[in-house]
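First comes the structure, then the notes that go with it.
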Amino acid sequence: MLLIAFFMALTSCKNGSKSEKNLENVQNQEEKTAKQSDGLALLKGEFVYYADAAVLQTNSSSIYGVIINEKMHELDKLAQQYKTEPTDYVAVEIRGEIIPKPENEEGWPYRINIKEILNVSKSQNEVEVIKLESE
């Protein structure tokens, strides 16, 4: 009998802690701003747009194709002031929707549809480029 009472007390404590965790989750959800719960991802990395192809390589080495639209062109326009060559990468911080690539198309597995541009700056990564010129 004592063993059954102990088991019931232990079970009710576990349920109590679960409901406390659920309450914390609800409170955390309520404290989130609209930006944090709108389903958009925050991405920081290196952006380049060249020859009708736009790419974002994140700091975690993930690569996304960037959907070419008005927002991408706005980002490219902001990036121009930090470029010395058309192929230069620019450091960016954006928010956008990550979309799987359609199966019948080539490219990286995921694309980013830029919704908000937060920051654009000169890339800190130096890339050595070898130029071939003919005379």
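Scanning the range 65-90 for residues that are part of a helix (DSSP H, G or I), among the acidic types (Asp, Glu) and buried (at least 17 other Cβ atoms within 10 Å of the Cβ) yields one hit, Asp76. When the test is whether a residue is of a type outside the set (A, V, I, L, M, F, W, C) and either within 15 Å of the chain's Cα centre (by Cα) or in a helix (DSSP H, G or I) (or both), Glu105 does not pass it.
Taking the range 50-95 as the region of interest, how many residues are at positive phi and modelled with pLDDT of 95 or more?
Restricting attention to the range 50-95, the residues satisfying the condition of being at positive phi are 51-52, 61.
Next, from what is left, pick out any that are modelled with pLDDT of 95 or more: none.
Adding up the residues that qualify gives 0.
Restricted to the range 45-61, and to residues there that are surrounded by fewer than 19 Cβ atoms within 10 Å (Cβ to Cβ) and closer than 13 Å to Asn125 by Cβ, the residue that is nearest to the chain's Cα centre (by Cα) is Thr58. Take Val120 and decide whether it is modelled with pLDDT of 90 or more and aliphatic (A, V, I, L, M). The answer is yes for Val120.
The values are calculated or read from the model by the stated rules, or taken from the named source; none is laboratory data. Every value quoted in this text rests on a predicted model; they were computed, and no experiment measured them. Here Cβ is always computed from backbone atoms with ideal geometry, including for glycine, and neighbour counts include all displayed protein chains.
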